[in-house]
Amino acid sequence: MRSRVWVSQPLFADIVGRLHEHFDVVATEHVGKHSPQQIAAALADCDGALVTLNDPIAAAEIAGAPRLRAIANVGVGYNNLDVPALTRAGIVVTNTPDVLTETTADFGFALMMAAARRITEAERWLREGQWRQWSFETLLGGDLHGSTLAILGMGRIGQGIARRAAGFDMRVLYHNRSRLPETVERECRAQYVDLDMLLAQADHLVLVLPYSPQAHHLIDAAALAKMKPTATLTNIARGGLVDEDALAEALAGARLAAAGLDVYEGEPAVNPRLLALRNVVLTPHIASGSLATRRAMVSLAVDNLIAALGFGPDAGRPPTPVNAGQLKR
Ligand code: DGY
């Protein structure tokens, strides 16, 4: 009997089409979030699944899926998946690191610049017909060059942002769960500091750390109060890292100059207090969204699923597993 896989969202058909060579494919035709019941029903008779951050999967969703052996997440972040629960059930979990590093770092830098130099606010102002006279003091922003870039979460994407900062002659500080080897620090021209120091010294703080329940609302009112009122905050990681009400209050009260947000706690819903502010640049979770990179992510996820289910040149050895070391053989 051929194995069966579920593809939870419409993804590039020419790439996902490679699955047909090995499996019966059940593909969802509409973009969107499925209910837990829909996910459980879809997984019930499947051996594998290709899913995205739209698809939260935990113990309840796999309870009625005895054949399920592999879940390939299209994304480097996998906080939509309860990895310990999937591991206990013997399910291989994979993600898509590396292929999106540079594209996401590009976007983080762009979002930080847009917030600091008020680019989207300026465009809106111009389109609203408010530009009646050139003036010296119109929409003055903060500089990037010569300023202090503070990176919270110094994995591959954080390091990519640090490398870009060299071209802007920025001082780079970082905080991370563990300090990087000296060679990497030197290459990134980055100095390790504790979190309080990072917040206090930041001219531009960028969040690139993975979300975990321990990091929930890491950037809350108390953390924001430690930052300079001239600083900016950019988040390209996960919305749950930031207390959005506290952020909106700080931005509205000029206790923080500006923010650039690509991710939100309740996305696709955006906190109305943030929507009402001018000094925040809001984008719809597109940091890895260049055409080439999104295609590379899907391709890697397809390779992972094929290999995890025992087919193709990497049979049994998916290229980018998340829980390989933890699964019982
Ligand atoms: C990621 O790869 O984690 C991005 O947020 C898109 O899923």
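The values are calculated or read from the model by the stated rules, or taken from the named source; none is laboratory data. Everything quoted here is computed from the prediction, not taken from an experiment. Because the Cβ atoms are built from the backbone with ideal geometry, glycine has one as well, and the counts that use them run over all protein chains shown. Calculation scope for accessible area: heavy atoms of the full protein, side chains included, ligands and nucleic acids excluded. Shrake-Rupley method; radii C 1.70, N 1.55, O 1.52, S 1.80 Å.
For the reader, a short list of remarks on this structure follows.
- Carbon/sulfur fraction of accessible area - the chain, other protein chains in place, 1.4 Å, %: 55 percent
- Neighbourhood charge, 11 Å Cβ-Cβ cut-off, centred on ASN80 and excluding it, Lys, Arg +1 and Asp, Glu -1: -1
- Full extension of the segment from ALA276 to ALA222, taken as 0.36 nm per residue of separation minus the current Cα-Cα distance, would add 17.2 nm.
- The chain, accessible area per residue, ligands and nucleic acids excluded (1.4 Å, Å²): 48 Å²
- Per-pair calculated FRET efficiency, R0 = 30 Å: GLU123 and ARG163 via Cβ, rounded to 0.05: 0.60
- Label zone at ALA63, where the point sits 7 Å out along the Cα-to-Cβ direction: the stretch 20-38 residues whose backbone N lies under 14 Å: 36-38
- Taking a point 7 Å out from the Cα of PHE311 in the direction of its Cβ, the residues of the stretch 34-48 whose backbone N falls within less than 17 Å of it are 45-48.
- Gaussian network model of the chain, springs between alpha carbon atoms under 10 Å - residue of ALA65, ALA222, ALA114 with greatest fluctuation: ALA222
- The Stokes-Einstein estimate for the chain, based on a Kirkwood radius over Cα pairs and taken at 25 °C with 0.890 mPa s viscosity, is a diffusion coefficient of 116 µm²/s.
- Summary value for the stretch 101-282: 22 percent relative contact order, contacts being C-alpha pairs under 8 angstrom separated by 6+ residues.
- Taking a straight Cα-Cα cut-off under 19 Å and skipping sequence neighbours fewer than 8 places away in the same chain, the aspartates and glutamates within cross-link reach of LYS226 are ASP194, ASP196, ASP203, ASP243, GLU244, ASP245, GLU249.
- The chain: relative contact order in percent, alpha carbon pairs under 8 Å with at least 6 residues between: 19 percent
- Residue-averaged 222 nm ellipticity for the chain, from DSSP H runs of 4+ at -39500 (n - 2.57), nearest 500: -9000 deg cm²/dmol
- Debye, to nearest 20: dipole size of the stretch 1-120, +1 on Lys, Arg Cβ, -1 on Asp, Glu Cβ: 220 debye
- A simple charge model with +1 on the Cβ of Lys and Arg, -1 on the Cβ of Asp and Glu and nothing else charged puts the dipole of the chain at about 340 debye relative to its Cα centre.
- Principal axis dimensions, the stretch 101-282 - Cα atoms, whole angstrom, descending: 53, 35, 29
- Spatially proximal aspartates and glutamates relative to LYS328 (Cα-Cα < 20 Å; intrachain offsets below 8 disregarded): ASP47, ASP82, ASP314
- Put a plus charge on the Cβ of each Lys and Arg, a minus charge on the Cβ of each Asp and Glu, and nothing anywhere else: the dipole of the stretch 101-282 about its Cα centre is then about 280 debye.
- Leading residue at positive end of dipole, the chain (Cβ point charges), from LEU274, PHE311, ASN79: PHE311
- Contour excess over end-to-end distance, with Cα ends at ARG179 and LEU327 and 0.36 nm allotted per residue: 50.5 nm
- Most mobile listed residue (ILE71, ILE286, ILE157) in the chain, GNM with C-alpha springs under 10 Å: ILE286
- Choice from ASN73, ASN271, ASN304 with maximal GNM fluctuation in the chain (Cα, 10 Å cutoff): ASN271
- Cut-off 11 Å between beta-carbons: net charge of the residues surrounding GLY153, Lys and Arg +1, Asp and Glu -1: +3
- Hydrodynamic radius of the stretch 189-249 by the Kirkwood approach over all distinct alpha-carbon pairs: 12.0 Å.
- Local charge for GLU267 was computed over the other residues whose Cβ lies under 12 Å away, with Lys and Arg +1 and Asp and Glu -1, and equals -1.
- Percentage relative contact order, the stretch 96-204, counting C-alpha pairs under 8 Å, at least six apart: 27 percent
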